[in-house]
Amino acid sequence: MKPVDCELESEVLAAVLQNRWPHQVDAGLRTHVAVCAICADVAAIAGVIDDAREELRLQAKVPDSGRVWWLAQMRARREAAQAAGRPITVAQAIAFACAVGLLGACFGATSAWFHSSLRHAASSVAALRFQSILPVAFVAGHAALLLAMATILLVIPAAVCLAILRE
Amino acid sequence: MFRETAFNDIQRDSALDDTSVGFMMDEETFRAFYQRSARGLWAYLTRLTGDRQLAEDLLQETFYRFLRAAATYDNETHRRNSLYRIATNLARDVRRRSMARPAAVPAGDDIERVPSGQDAGTAERTADFTRAMSRLQPRERAMLWLAYAEGASHREIADVLGLRPTSLKPMLFRARRKLADLLGRAPRGGKP
């Protein structure tokens, strides 16, 4: 198996990073690097990377530590407030959906116009000879309940979804 | 985004000064740690992303997440590794998002811009190095930078990059070989 490291690798690296390479190291190490591909690679790239690091560090414009701390504090507070408010928003959405469902049920139960429309629709369906599929009599008899259930089933998921999206 | 406003000139909200959010680190400790690590981290992020501005944004995000992490650290090295791990993950996330939305991909060659203070030789060397690094995989860039710019041990690099220490050596070997081939020359006069 091809070796992937060399015991003198760290010595070569230290020499490069301390600017001792190649003139201020002993001849034995230079001879080793000349024949060892691993150490030759280390010697070749460690200096370049170190130079690049120094250049970049000199050019670095990092924000002031106090500013970073302050912004972190502000953001943490904001996120904490949002997290605390999230359950309230969901509860509000569910309450709203229930209220809408209840209103729909009341409307269905009390509206003569709605009942006549429903009967008309039921007779139309019956005329299409779908009686075996749709229990028209059942629908007409429990219109208010069915309407309330349909409203709740549609409105609650939509309201919860909207609340979560708003978050 | 960082602006050139001195922090002390900003009128701070007095409520913020009175009570602090529950970070695991106090302000004084944070400031000292920031002074020691911010420039190095910025250089690392700049190399990973190829974009100075993005590196600056990620730097702030990294320190924020570091503060928010409910973690205790045994020593400075542990703390530093944690910081670099957060930064590495953030850079990876940005890269994945930019791959999904090509229009948002940063230029990538931003760090090739040569500051006016550099001489021609240094500028050329910087440009060569930047080009070579840009042809490496992001993980290869990260491990080479951590090993040779930050002086991290194999175990630390594996920890930061989420790799097994045993698999790091061959990966580092290949990355080093690749970069040496791409540079194709002895960089600091007289090196083999």
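Computed from the Kirkwood radius of its Cα pairs, the Stokes-Einstein diffusion coefficient for chain A at 37 °C and 0.692 mPa s stands at 135 µm²/s. Going by Cβ distance under 4.7 Å, what cysteines of chain A have no possible disulfide partner? A:Cys6, A:Cys98, A:Cys106, A:Cys161, each lacking another Cys Cβ under 4.7 Å.
The angle between the Cα long axis of helix A:143-166 and the main principal axis of chain A comes to about 20°, on a 0 to 90 degree scale.
Beta carbons within 10 angstrom, averaged per residue: use that to sort the peptides A:52-60, A:28-36, highest first.
The densest-packed peptide leads the list: A:52-60, A:28-36.
Counting Cβ atoms of other protein chains within 10 Å of each residue's Cβ and taking the mean over peptide A:9-22 gives 2.
Distant-in-sequence amide contacts of B:Met24, defined by a placed amide H-H separation under 5 Å and a gap of 5 or more residues or a different chain, comprise nothing.
Springs between Cα atoms under 10 Å define the GNM used for chain A, and in it the highest mean-square fluctuation of A:Leu147, A:Leu102, A:Leu17 occurs at A:Leu17. Taken along the Cα-to-beta-carbon direction at a fixed 7 Å, the label points for B:Leu182 and A:Leu71 span 3.0 nm. Mean partner shielding of peptide B:51-64, defined as the number of other chain Cβ atoms within 10 Å of each residue Cβ, is 3.
Per residue of peptide B:172-181, the mean number of Cβ atoms on other chains within 10 Å of the residue Cβ is 5.
A simple spin-label model places the labels of A:Phe107 and A:Thr89 2.7 nm from each other, with each point 7 Å out along Cα-to-Cβ.
The numbers here are math on the coordinates, done by the rules we state, and not lab data. Please read all numbers here as calculations on a predicted model, not as lab measurements. Every residue, glycine among them, receives a Cβ derived from its backbone with ideal geometry; neighbour counts consider all protein chains shown.
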